[in-house]
Amino acid sequence: MELTNYLGLAAVLFAVGAATVLLRRNAIVVFMGVELMLNATNLAFVTFARIHGDVTGQVLAFFVMVVAAAEVVVGLAIIVMIFRARRSASVDDVNLLQS
Amino acid sequence: MQTLSLAPWLVALPLIGAALLLLAGRRSDRWGHWLGVLASAATFVVGLVMLLDMLGTPAADRVAQHTVGTWLDAGGLHVDLGFQVDPLSLTFVMLVTFVGTLIHVYSVAYMSHDVDRRRFFAYLNLFVAAMLLLVLADSYLLLFVGWEGVGLASFLLIGFWDGKRENAVAGKKAFVMNRVGDMGLVAAMMLMFAGVGAVDFATVLGSTGSGAVAGAGLSEGTWTAIGLMLLLAACGKSAQLPLQAWLGDAMAGPTPVSALIHAATMVTAGVYLLVRSGPVLEAAPDAQLVVAIVGALTLLFGAIVGTAKDDIKKALAASTMSQIGYMMLAAGLGPIGYAFAIFHLLTHGFFKAGLFLGAGSVMHAMDDDVNMRRFGGLARLLPVTAITMGLGWLAILGVPPFSGFWSKDKIIEAAFVGEGWRPWVFGLAALLGAGITAYYMSRLFFMTFAGRRRWSTDRSDDEGRVERHPHESPLLMQWPMIILAVGSVALGGILAVGNRFVTWLEPVTGHVEHHEPILPVWLLMTLTLVLVLLGAALAFRQYAMAAVPTDAPAANVLVRAARADLHQDTVNEAVVMLPGQYLTRSLVYLDRTAVDGGWLGLAGAVGRLGALLRKTQNGYVRTYAATMLGGLGLVALVVAILAS
């Protein structure tokens, strides 16, 4: 199986993630889109590591996972707090910076 | 001189008086006027002590400087706080303090009903202090301080009754016109500093002519420029053409102020400046000629205006302008004229102060009316005023042996000395001026004191005359008038005997050999007296024999012009004020449209750009996310393009 197919899969996953972030209003779903994009990147890193026979990409994938874990913790906490305060998880309701 | 160190006290005493009166405020209202009189009188005593000391000093040692300390030391400019004590400055000190003290005493009674009498005396003291600083300074810069102080004090006093708008305007007019002259003095000092490197009298005046300081030989053109700038300054202060218009309006001040301005302080400062700067004028014959021309023109101008004025104070003001014109003419004649200019200034100080105080006394009697057409027949009711003013009148006419004869006749004689066209022009102008002076002063005297009464003691007067109850002034006002009248009678003769005054001034003005006028002296004297008699007789016929209408009759164009001060205000407005206003208005317009418009336009453009950019910040998270994605795509594109 060609290694470039993994790159194609990564691109598709990234596009799906980006579309989710841009189009969905629910903060939890948007968050899932972000995770999807991160993992698509991880897949691309690992694939490139395999193609070049170099472990740098794999190391970077671990870094991304660590950062993503931290981001999930902080992000979910923020979403919960906003939900408690405003009884809504829609990202479009959080627009106080506008005025 | 042992009393040289007293010189600073001459300035300090009245200054302390003014400061005390102004700082003590209303608390000193009850005794403040006497403190003012005391300060002025004490200054006179100090001046008298110095005068007696100088009289006992040999003539060669009479010019001295008393340096108190360094005033300014900035790079190339070094100015001492020093006082010039010589016969010229002491003459002024005596005139200013003696006449000034008499005017102070007179004001105690004249202003007794004014709630602000204390403030008035504070300003009078300030006026005297500034004038004394002006005449005692040993450098042009220190003189300038006194010069400005005189301007300030005159502004405060002319507009003293500033509750009335026209009085405040008159004060402002005097101040602004004086500023024009002051620029001349500033420019002259700049030229001196640039050329000579100093502004003290000794250095500047010592670097003119043959006895020039090595390396400071300035061209005649520079001296001409300095001379003309000094003349401009003198014109402003002494109300000479073309800066004469403020003097008539300055009559808005209380009458003692007019006496002080015209006799002792203020207008004499210009003559002092020119006589003090004599060597500069001698180094610049062109400037000297202009001085004489200005003097001759002003003496005729003032005399012509004086013939048509019905306001007793304005007629006297025009007369001052004319008499100062005589002094300027004398100062412009060179060394032969200096002593006579100062001599005339001294005698004029006495008789003009006497005349003004007399006018004040008449106004006091006539409920502050100044219109001479509503006077008449006052001689019997105001005998002291009539006699003292009469003596002043004879003095200004130049009738022998009164003061004015000795000084004015000498100026006319000096004006006839010379070659070519000058003696004829200046001499005839001075001669003609004497005749017109006789006419307008006699007109003033006869309209006020002689003829039929043009007022009535009855309330219901069948001829429609105003109701008045004239009464002689209190003794405090009479005595200064009497003393000044005695001075008007005797001072000229006493000082003229044996050329005493000219000899006294010689240490400053230099010794001058006698010059013969182009016409014999006896002829000139006769001509002058004939003209004076003619003028007086004409006035007697018109204003003492014939009835004087209570309203100014319609008159030809010349009289109308003279009544309107020969249209001096119209000319000033057309030549200076309107162009100035147009210039400022166009500059304001330029500022608003071009300068302000440019910056405001720039600010507006930035603001509009900001409003445009603000639309992208709509607060929706997803919009920001899309922007970031778009940006990422853009960066990727750029990287791809650069990599390929």
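Odds and ends about this structure:
- The selection criterion, being in a helix (DSSP H, G or I), within 14 Å of another protein chain (Cβ to nearest Cβ) and within 23 Å of A:Val73 (Cβ to Cβ), holds for A:Val34.
- Here region A:71-99 is the region considered, the condition is being loosely packed, with under 10 Cβ neighbours inside 10 Å and small (Gly, Ala, Ser), and the residue that is modelled with the lowest pLDDT is A:Ser99.
Residues checked against (1) surrounded by fewer than 11 Cβ atoms within 10 Å (Cβ to Cβ); (2) free of Cβ contacts under 8 Å to residues at least 60 places away in the same chain:
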| position | (1), (2) |
| --- | --- |
| B:Ile518 | no, no |
| B:Trp522 | yes, yes |
| B:Pro553 | yes, yes |
| B:Val559 | no, no |
| B:Ala574 | no, yes |
| B:Arg585 | yes, yes |
| B:Gly598 | yes, yes |
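- The set of residues in region B:66-88 being within 26 Å of the chain's Cα centre (by Cα), of a type outside the set (A, V, I, L, M, F, W, C) and within 17 Å of B:Val199 (Cβ to Cβ) consists of B:Gly82, B:Gln84.
- Residue in region B:83-95 that is farther than 23 Å from B:Leu274 by Cβ and either assigned to a helix (DSSP H, G or I) or at pLDDT 85 or above (or both) present: no
- Meeting the requirement of 1 or more residues that are more than 16 Å from the chain's Cα centre (by Cα), among the hydrophobic types (A, V, I, L, M, F, W, C) and more than 28 Å from B:Ala129 (Cβ to Cβ), the helices (runs of 4 or more DSSP H) wholly within region B:247-336 are B:278-283, B:285-308, B:312-332.
Results for (1) at negative phi; (2) at pLDDT below 90; (3) surrounded by fewer than 24 Cβ atoms within 10 Å (Cβ to Cβ), shown as yes or no for each residue.
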site	(1), (2), (3)
B:Leu247	yes, yes, no
B:Met266	no, yes, no
B:Tyr272	yes, no, no
B:Glu282	yes, yes, yes
B:Gly295	yes, no, no
B:Thr298	yes, no, no
B:Ile324	yes, no, no
B:Gly334	no, yes, yes
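- Screening region B:347-367 for residues that are among the aliphatic types (A, V, I, L, M) and under 20 Å from the mean Cα position of the chain (by Cα) and picking the one that is surrounded by the most Cβ atoms within 10 Å (Cβ to Cβ) gives B:Leu355.
- If you go through region B:615-624 and keep only what is among the charged types (D, E, K, R) and more than 10 Å from chain A (Cβ to nearest Cβ), you end up with just B:Lys615.
- Sole residue being closer than 22 Å to B:Phe160 by Cβ, among the small types (Gly, Ala, Ser) and surrounded by 22 or more Cβ atoms within 10 Å (Cβ to Cβ), chosen from B:Ser40, B:Ser112: B:Ser40
- Among the residues of region A:1-27, those identified as part of a helix (DSSP H, G or I) and away from chain B (no Cβ under 14 Å) are A:Thr4, A:Asn5, A:Tyr6, A:Leu7, A:Gly8, A:Leu9, A:Ala10, A:Val12, A:Leu13.
Conditions (1) within 14 Å of chain B (Cβ to nearest Cβ); (2) touching an Asp or Glu at 6+ places or on another chain (Cβ under 9 Å); (3) of a type in the set (Gly, Ala, Ser); (4) farther than 20 Å from B:Gly619 by Cα, marked per residue:
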{"residue": "A:Thr47", "(1), (2), (3), (4)": "no, no, no, yes"}
{"residue": "A:Val72", "(1), (2), (3), (4)": "no, yes, no, yes"}
{"residue": "A:Ile78", "(1), (2), (3), (4)": "yes, no, no, no"}
{"residue": "A:Met81", "(1), (2), (3), (4)": "no, no, no, no"}
{"residue": "A:Ser90", "(1), (2), (3), (4)": "yes, no, yes, no"}
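- Taking every residue in region B:625-636 that is at the interface with another protein chain (Cβ under 10 Å from one of its Cβ atoms) and without any contact (Cβ under 8 Å) to a residue 24 or more places away in the chain and pairing it with any residue that is in a helix (DSSP H, G or I) and surrounded by 10 or more Cβ atoms within 10 Å (Cβ to Cβ), at least 6 positions away or on another chain, the pairs with Cβ-Cβ distances below 7 Å are B:Ala625/A:Val21; B:Ala625/A:Leu22; B:Ala626/A:Leu22; B:Leu629/A:Ala18.
The values are calculated or read from the model by the stated rules, or taken from the named source; none is laboratory data. This is a predicted model, so every value here is computed, not measured. With ideal geometry, Cβ positions are generated from the backbone for all residues, glycine too; neighbour counts draw on all protein chains shown.
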